[in-house]
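Contents: one structure, followed by commentary.
The values are calculated or read from the model by the stated rules, or taken from the named source; none is laboratory data. From a predicted model like this one, the values you see are computed outputs, not experimental measurements. All Cβ positions, glycine included, derive from the backbone under ideal geometry; neighbour counts span all protein chains shown. The accessibility values were calculated without ligands, DNA or RNA, using every heavy atom of the protein model including side chains. Shrake-Rupley method; radii C 1.70, N 1.55, O 1.52, S 1.80 Å.
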Amino acid sequence: MKAFVASIATETNTFSPVYTDMSSFKASLYAPPGEHPETPTLCSAPFIACRRRFAELGWELVEGTAAWAEPGGLVNRATYEGLRDEVLGQLRAAMPVDGVILGLHGAMVADGYDDCEGDLLARVREIVGPGITVAAEFDPHSHLTQKRLDNADLLIAFKEFPHTDFVERADELVELAVQHMRGEIRPERSAFDCRMIEVLPTSIDPMRSFLERVRRIEAEDPAVLSISLIHGFMAGDVPDMGTRVLVITDGAREHGDRLARELGMELFSFRGRARPPYLPPEEAVDRALASDHRPVVLADVWDNPGGGVAGDATLILRELTARGATDVAVGTIWDPVAVQLCRAAGEGAHIRLRFGGKTDEKAGCPYDAWVTVKRVVPDAHQSFGDSRVPLGDAVWVNLDEGIDVILNTVRSQSFSPDLFSNLGIDPRDRHILVIKSTNHFYEAFAAISDEILYVDAGAPYPSDPRTTNYRKLRRPIWPIVEHPHGETR
Ligand SMILES: [Zn+2]
């Protein structure tokens, strides 16, 4: 047997001014055939899973390109078409194959393409024809479209948010793909539209218990091959945005339809009560300053580069300096120009610096301060599980106000406290840490902090669907519509 593996992925915030082109992929991950690293990245774990399983089976694996860009604005049309055609060309050259296994994200939108993954899967199907296995792994913050369901046999999304299980899900996808290539299973896909959009962290209830139930069904129901919960991605203005349940059965379509509906309506019942409380900045800073814990983590949930925004908001920093807070470290604020100025000034220099607040009028003004350049680190990085996440060139500046700030050149949400320690700041030795992430930071920061506060600074992410100017989303979904399934629900 012979299979082809490739990965093209990013998450597109169609409202973000930080557009995505080839340089965005090259800054995060662009690995031509044979150059994918030994460690998996979030959306390219199928490479690692395939290498392992195919070596065991003695089957042949042809590796194509793997590309990942940090979430951002609309993908440049030529960039998407170029990457797509590169991978399709590699697939054509590898033909005939028995299977195609892809690492996707599922919320990629390019200029002219609302459904990049559907477009890619349809073209893959056209090349391999019917009867050949097409399997893809997705992020749950994606849009599940009919085109994807029509063209892939197997679609599996990460279950956990934070996405701690992306390697496990890749192993599961490859295992099912192997069974399908051998003709041992007949996957039928049943999807249910929950008609809602919500932030659904799985580290806490109700999602924690719900996931346990889903896993029990997968283990105990012999007809069920896999269940995926597509959370949806509210910053993507596309017709299919929203939460969905996907049940894949072994030839039991009606059973799958019923189960998808039942689980989907249960998921719908969690709306409005699935996320932890988000505090306004004033209240969060009050609580942090009054706390005896060290460090207190303030998570700026809406200036999260992982959601496609710039990550250069200064709102919480300004709230802290207005209160005279010291003993604070902020990681990170994206500002390539400020990094360049600091690098030129050199370590130890005391300079007047303007940083942050450049990309979105709602995210606060640039911050002006006298700073000391403490450290300059070329190609800095942080960890996310097993994967190494680039931060680009980064500098640690100490504001005369007594606050440390890390500025960086490659946008990345805050995943792990080592983003501070890699720059020379001991994160355990600060009273307050300010980070930019919605939920992926949680496990790693909970290991060093007993008090984590989620801060809703309100911008710049389109965080309230009721006021977001969607143009392509036409289906009734909660919370834009109170009763999208009818008055009785
Ligand atoms: Zn995600």
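Within this structure, Arg271 fails the test of being closer than 30 Å to Arg474 by Cβ, among the charged types (D, E, K, R) and within 16 Å of the ligand (Cβ to nearest atom). When Thr164 is tested against (1) outside any helix (DSSP H, G or I); (2) within 16 Å of the ligand (Cβ to nearest atom); (3) buried (at least 24 other Cβ atoms within 10 Å of the Cβ), just one condition goes unmet, and that condition is (3).
Residue-wise test of (1) over 21 Å from Asp150 (Cβ atoms); (2) among the β-branched types (Val, Ile, Thr); (3) without any contact (Cβ under 8 Å) to a residue 60 or more places away in the chain.
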site: Tyr30; (1), (2), (3): yes, no, yes
site: Thr39; (1), (2), (3): yes, yes, no
site: Ala45; (1), (2), (3): yes, no, no
site: Arg51; (1), (2), (3): yes, no, yes
site: Val97; (1), (2), (3): no, yes, no
site: Asp111; (1), (2), (3): yes, no, yes
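For Asp464, all conditions in the list (1) at pLDDT below 95; (2) surrounded by 18 or more Cβ atoms within 10 Å (Cβ to Cβ); (3) charged (D, E, K, R) hold save one; what is the number of the exception? Of (1) at pLDDT below 95; (2) surrounded by 18 or more Cβ atoms within 10 Å (Cβ to Cβ); (3) charged (D, E, K, R), only one is false for Asp464: (2). Taking the conditions (1) charged (D, E, K, R); (2) crowded, with 21+ Cβ neighbours inside 10 Å; (3) touching a residue at least 60 places away in the same chain (Cβ under 8 Å); (4) away from the ligand (no atom under 14 Å from the Cβ) in turn, Arg169 satisfies each one other than (4).
Considering the range 217-239, and only residues there that are open to solvent by less than 30 Å² (accessible area, probe 1.4 Å) and among the small types (Gly, Ala, Ser), the residue that is nearest to Asp303 (Cα to Cα) turns out to be Ala235.
Beta carbons closer than 7 Å, at least 6 apart along the sequence or on distinct chains, pair a first residue in the range 133-145 that is under 19 Å from Gln179 (Cα atoms) and within 14 Å of the ligand (Cβ to nearest atom) with a second that is open to solvent by 10 Å² or more (accessible area, probe 1.4 Å) and not in a loop (DSSP other than H, G, I, E, B) for Glu137/Arg169. As for the range 50-60, it holds no residue that is within 16 Å of the ligand (Cβ to nearest atom) and either assigned to a helix (DSSP H, G or I) or basic (Lys, Arg) (or both).
Going residue by residue through the range 205-219, is there one that turns out to be in contact (Cβ under 8 Å) with a residue 60 or more places away in the chain, of a type outside the set (Asp, Glu) and within 18 Å of Phe138 (Cβ to Cβ)? Spell out how you get there, then give the answer.
Looking only at the range 205-219, we keep the residues that are in contact (Cβ under 8 Å) with a residue 60 or more places away in the chain, and these are 206-207, 210.
Now restrict to residues that are of a type outside the set (Asp, Glu): 206-207, 210.
This time we only want the ones that are within 18 Å of Phe138 (Cβ to Cβ), so: 207.
For the range 205-219, residues in contact (Cβ under 8 Å) with a residue 60 or more places away in the chain, of a type outside the set (Asp, Glu) and within 18 Å of Phe138 (Cβ to Cβ): present.
Only residues that are more than 27 Å from Asp98 (Cα to Cα) and surrounded by fewer than 24 Cβ atoms within 10 Å (Cβ to Cβ) were counted across the range 1-24, and they come to 9.
Tell me, please, whether a residue that is touching a residue at least 60 places away in the same chain (Cβ under 8 Å), in a loop (DSSP other than H, G, I, E, B), within 16 Å of the ligand (Cβ to nearest atom) and assigned by TED's automatic domain parsing to the domain that holds Ala67 can be found in the range 115-127. Steps first, answer last, please.
Restricting attention to the range 115-127, the residues satisfying the condition of being touching a residue at least 60 places away in the same chain (Cβ under 8 Å) are 115-116, 120.
Add one more test, that the residue is in a loop (DSSP other than H, G, I, E, B), and what stays is 115.
If we keep only those that are within 16 Å of the ligand (Cβ to nearest atom) as well, we get none.
Within the range 115-127, not a single residue is touching a residue at least 60 places away in the same chain (Cβ under 8 Å), in a loop (DSSP other than H, G, I, E, B), within 16 Å of the ligand (Cβ to nearest atom) and assigned by TED's automatic domain parsing to the domain that holds Ala67.
In the range 94-114, of all residues being outside any loop (DSSP other than H, G, I, E, B) and open to solvent by less than 10 Å² (accessible area, probe 1.4 Å), the one that is farthest from the ligand (Cβ to nearest atom) corresponds to Ala94.
Return yes or no: is Gly183 at positive phi, away from the ligand (no atom under 16 Å from the Cβ), outside any strand (DSSP E or B) and at pLDDT 95 or above?
Numbers: at positive phi: yes; away from the ligand (no atom under 16 Å from the Cβ): yes; outside any strand (DSSP E or B): yes; at pLDDT 95 or above: yes.
Against the criterion (at positive phi, away from the ligand (no atom under 16 Å from the Cβ), outside any strand (DSSP E or B) and at pLDDT 95 or above), Gly183 qualifies.
Considering the range 329-421, the qualifying strands (runs of 3 or more DSSP E), each wholly inside and each with 1 or more residues that are of a type in the set (S, T, N, Q), run over 367-384, 387-399, 403-408.
Pairs under 7 Å by beta carbon, first residue in the same structural domain as Leu144 (by TED's automatic domain parsing) and small (Gly, Ala, Ser) in the range 220-247, partner within 16 Å of the ligand (Cβ to nearest atom) and part of a strand (DSSP E or B), six or more apart or different chains? Note: pairs meeting the criteria are Ser226/Ile156; Ser228/Leu155; Ser228/Ile156; Ser228/Ala157; Ser228/Leu246; Gly236/Thr12; Gly236/Ala107. Note on the range 146-161: residues that are away from the ligand (no atom under 15 Å from the Cβ) and open to solvent by 10 Å² or more (accessible area, probe 1.4 Å) total 6.
In the same structural domain as Phe54 (by TED's automatic domain parsing), open to solvent by less than 10 Å² (accessible area, probe 1.4 Å) and within 16 Å of the ligand (Cβ to nearest atom): does that describe Thr41? So Thr41 fails the test. Among (1) farther than 26 Å from Gly458 by Cβ; (2) open to solvent by 40 Å² or more (accessible area, probe 1.4 Å), there is one condition Cys365 misses while meeting the rest; what is its number? Going through (1) farther than 26 Å from Gly458 by Cβ; (2) open to solvent by 40 Å² or more (accessible area, probe 1.4 Å) one by one, Cys365 breaks only (1). Over 20 Å from Lys436 (Cα atoms) and open to solvent by 10 Å² or more (accessible area, probe 1.4 Å): is that true of Arg318 in this structure? No: the conditions fail for Arg318.
Within the range 25-38, restricting attention to residues that are modelled with pLDDT of 90 or more and either crowded, with 17+ Cβ neighbours inside 10 Å or touching a helix residue (DSSP H, G or I) at 6+ places or on another chain (Cβ under 7 Å) (or both), which residue is farthest from Ala170 (Cα to Cα)? Taking the candidates together, the pick is Phe25. Taking the criterion of being in a loop (DSSP other than H, G, I, E, B), of a type outside the set (Lys, Arg) and open to solvent by 10 Å² or more (accessible area, probe 1.4 Å), the residues of the range 188-213 that qualify are Glu198, Val199, Ser203, Ile204, Asp205, Pro206.
Of Gly385, Gly356, all but one fail to be open to solvent by 10 Å² or more (accessible area, probe 1.4 Å) and either of a type in the set (Ser, Thr, Tyr) or in contact (Cβ under 8 Å) with a residue 40 or more places away in the chain (or both); the exception is Gly385.
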